[in-house]
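The structure appears below as structure tokens.
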Amino acid sequence: MSTMTTMKDIAKMANTSIGTVDRALNNKPGVSAKTRERIMAIAESLDYKPNRLGKALVLRNKNMQLGFIIEPITNPFFEELKRGAEQMRDALNEYGITTHIFCMNTHEEKEMVELLDRMSDMGVAGIALNAINSPVVIDKLVKLRESGHRIVTCSTDISRGYRDCFVGFCHEKSARVAAELLAKFTGKKGEFLVTIGYRYIMAHMQRLNGFESKIKEEYPGISLAGVLEVEENDEIAFRETLKALEGNDRINGIFIAGYGIKGVAKAVEVKNLGRDIKIICYDNSAFVTDYVKKGVIDAVICQDPEKQGYMALKILSDLIIGDKEVRSDTYTTSIDIRLCENIDKDIQDWDI
């Protein structure tokens, strides 16, 4: 796994825009000598390696097109991921690269395949996507790669042989951290309920596997009360969680491994069973912050979706325009644990 310094990192440290950083690093007009000097010093301290996009495009004289398919932004995670992708899209646009971003309306594989066909017809050279790990999607990606397209999966992965690079999160490791936290929150005994979005989303299954393995390996006093597939839907999450709580008075911990956070939290609130149920979920947002402050949710695992969206497009462009292979086939953001004391800490750390 690797990380790389980007113009956005430099912009954040210099308290300026990406455009200003780009002009300073490439000796373009419109930047004061003082600002240019500060930016160059920061770039040197971070061991920044310049992007070769501009030079490559001049040499090739191409009008490049890229595509990005994002899952429904009704999930705040994907809304933030889209924001990061849009920021990189704007940066690439300065080099004459056009990026088409499409947000899905459903979680259906049929819609994803249709969007992949549409992008291929538009003439894109590469595609980043929140991949659905299903045979029909994988078959389509195989055909696209055989025809010369570069593929970067973002946030959720497929098997390595069917894409060039994955940009996202270490889902299994993060779930093992969640299991350790939940075990310690509950005195290492009790029964834990797990909710996932869909079994065909690899990220959710990696989290489930990581959580289960950690519990089985290290906490004999804890068992799993069940795994609920809630289809990324708060109503389903509410109904199924409520049913599980009513049927099992030994549940004292819930691990929310996908979306449906609001539904699970509401079920715990509404039931008000008079027992302390600890909850750990993924990804901060306004309503998650509220539930943490109310004491309903105990810990949040944040994975920086904005940076994931940004880096997925950056790596895709490096693969195509830079004529270079990525140093690793996996780039992941850090595991960031938020409790009540630090839940307000920069919900969007990557704003410029």
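Each reported figure results from applying straightforward, stated rules to the coordinates on display, with no laboratory input. Here the structure is a predicted model, which is why all the values come from computation and not from measurement. Because the Cβ atoms are built from the backbone with ideal geometry, glycine has one as well, and the counts that use them run over all protein chains shown.
Observations on the model:
- Full-stretch length increase - Lys293, Glu111 - with 0.36 nm per residue and alpha-carbon distance subtracted: 61.7 nm
- Potential extension, Thr5-Lys243 segment - 0.36 nm per residue separation minus Cα distance: 80.9 nm
- Cut-off 12 Å between beta-carbons: net charge of the residues surrounding Asn233, Lys and Arg +1, Asp and Glu -1: -4
- Normalised contact order of the chain, rounded percent, pairs of Cα under 8 Å and 6 or more residues apart: 19
- Length added when fully stretched, Arg250-Lys28, from 0.36 nm per residue minus Cα-Cα: 73.4 nm
- The fewest-to-most ranking of Thr195, Thr332 by surrounding Cβ atoms within 10 Å reads Thr332, Thr195.
- Residues whose amide H lies under 5 Å from that of Ile254, counting only those 5 or more places away or on a different chain, are Leu193, Lys278, Ile279, Ile280; hydrogens are built 1.01 Å from N in the peptide plane.
- Helices in the chain, meaning DSSP H runs of at least 4 residues, each add -39500 (n - 2.57). Divided by all residues, the mean residue ellipticity at 222 nm is -14500 deg cm²/dmol.
- Here segment 193-210 and segment 168-185 have alpha carbon centers that stand 12 Å from each other.
- Here's how it looks for Gly126: its modeled amide H is under 5 Å from those of Gly67, Arg150, which are all 5 or more places away or on a different chain.
- Counted by neighbouring Cβ atoms within 10 Å, the residues Cys154, Cys170 run from fewest to most as Cys170, Cys154.
- Amide N of segment 239-254 lying under 20 Å from the label point, which is placed 7 angstrom from the Cα of Leu224 along Cα→Cβ: 240-254
- Under 14 Å, Cβ to Cβ, from Arg89 - net charge with Lys/Arg +1 and Asp/Glu -1: 0
- Placing unit charges on each Cβ (+1 for Lys and Arg, -1 for Asp and Glu) gives the chain a dipole about its Cα centre, and among Leu313, Leu208, Gly190 the Cα reaching farthest toward its positive end belongs to Leu313.
- Förster radius 41 Å - calculated FRET efficiency between Leu339 and Val142, Cβ distance, rounded to 0.05: 0.40
- Restricting the calculation to Cα atoms, every distinct pair contributes to the Kirkwood radius of segment 53-204, found to be 17.2 Å.
- Exposure proxy for Val177, Val268, Val136: other Cβ atoms within 10 Å of each Cβ, ordered fewest to most, give Val136, Val177, Val268.
- Segment 1-50 - percent relative contact order, Cα under 8 Å, separation 6 or more: 38
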